[in-house]
Structure formats: C-alpha cells, structure tokens
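Reviewing the structure listed below.
The values are calculated or read from the model by the stated rules, or taken from the named source; none is laboratory data. Remember, predicted model here, so these are calculated numbers, not experimental data. In this analysis, Cβ positions are derived from the backbone assuming ideal geometry, glycine residues included, and neighbour counts consider all displayed protein chains. We work out accessible area using only protein heavy atoms, side chains counted, and drop any ligands, DNA or RNA first. Shrake-Rupley method; radii C 1.70, N 1.55, O 1.52, S 1.80 Å.
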Amino acid sequence: MNDRMALAINKQINEELYSAYLYHAIRAYFDNLGFDGFSSWMDAQTKEEVFHAEKFFSYMAERGGKVKLYAIKEPDCEWNSPLEAFSAALEHEKHITKCINDLVDIAVEEKDYATRNLLNWYIDEQVEEEDNVGKVVNKLRLIKEDGRGLLMLDRELAVRTFTPDPSTE
Ligand code: OFO
C-alpha cells in the first residue's frame, strides 16, 4: 500500500473511533434522561463503530500498511432533545459517507484495487447507517415532545443489538 492510501485509511480509523466516541456521548445523554432503549441503541451503535475501525485496522496489517493512531477529538455531550441528539447522529453519518466516498476517489487515483474492493463493504454499510438513523429521526419528528410516543419508541429501540457478521471480518 502506498503512503497516500495508508495516510487516508489511518485518518478514517480516527473518524470511525470518533464515531464511537460521539455515540458513547449520546448514550450518556440518554442514560441521564433515563431512556434505556435509546441508550442501548447507542451502545450497539458504538460497538458497530469500533468494528468499523477494527476492520480497517486489520486490513492495514494484511497489506503491510503502518497504522498510526491520532488523537480523538472531544465530542459534544449536550443536546436539547432526543430529536436533536439523533439528528446530530444523522449529520455525522452523512459526513462519514462523504469520507468513504473520498477514500474511494483516492483508491481509484492510486490504482489500489484491493482497497477499492474493501471500500465496497463500507459503501453498503453507509447506506444502512444513514437509513437506520434516518428512520429514528423521522419517527422523532412525528412524535415531537409527546411523552407516550417517546416511551414507545424507547421500548422499540431497546431490542437492537450488535453482532458482527463473521463473513465480513
Ligand atoms: Fe456509522 O459508520 Fe462508521 O463511522
């Protein structure tokens, strides 16, 4: 792997770990509000982000790339409502989609076809990520501040767990 591609993947490992950090912060926000289901959903999301980082991490080892871990920036930790917190998550996922697309551009420019191939998994994953968060945002928009609706959605989101698909490791 050439230096440009390795640098770009190292930056993406940092983005993925920041994603985990952000979702951990949102989880803490929901813990403080007493929404166990929203909290558990964010916990699953945090684990998924660590998996995204580790998938790049293992790939670097396979390709002889040198991993460099950069400092993770501090995420926000206050939101004014569940809708605001999930909207922040959606905006973040859109940012990650752009990061993955930029990585694809670099892989193509550098003729790094193995990395280009790996990135297909992340492209598909981002479709799912934006869809998952977007659906919750839409429901929260409908619910607005209705307490009963929030409690029902909290219960619905409690069932989510994260189990990595062994075929993708
Ligand atoms: Fe949420 O997809 Fe990775 O960062």
Could you give every pair whose Cβ atoms fall below 7 Å, whose first residue belongs to segment 72-95 and is at positive phi and in a loop (DSSP other than H, G, I, E, B), and whose second residue is away from the ligand (no atom under 16 Å from the Cβ) and of a type in the set (Asp, Glu), counting only separations of at least 6 or pairs across chains?
none
Subset of segment 55-66 that is among the charged types (D, E, K, R) and either within 10 Å of the ligand (Cβ to nearest atom) or assigned to a helix (DSSP H, G or I) (or both) - its residue that is least open to solvent (accessible area, probe 1.4 Å)
Lys55
With respect to Trp121, is the statement that it is among the aromatic types (Phe, Trp, Tyr) and within 16 Å of the ligand (Cβ to nearest atom) true?
yes
Could you please find all residues in segment 19-54 being assigned to a helix (DSSP H, G or I), open to solvent by 30 Å² or more (accessible area, probe 1.4 Å) and either away from the ligand (no atom under 15 Å from the Cβ) or over 17 Å from Ser81 (Cα atoms) (or both)?
Tyr21, Ala28, Asp31, Asn32, Leu33, Asp36, Ser40, Asp43, Lys47, Val50, Glu54
Quick one: in segment 140-164, which of the residues that are in a helix (DSSP H, G or I), open to solvent by less than 80 Å² (accessible area, probe 1.4 Å) and touching a helix residue (DSSP H, G or I) at 6+ places or on another chain (Cβ under 8 Å) is farthest from the ligand (Cβ to nearest atom)?
Gly149
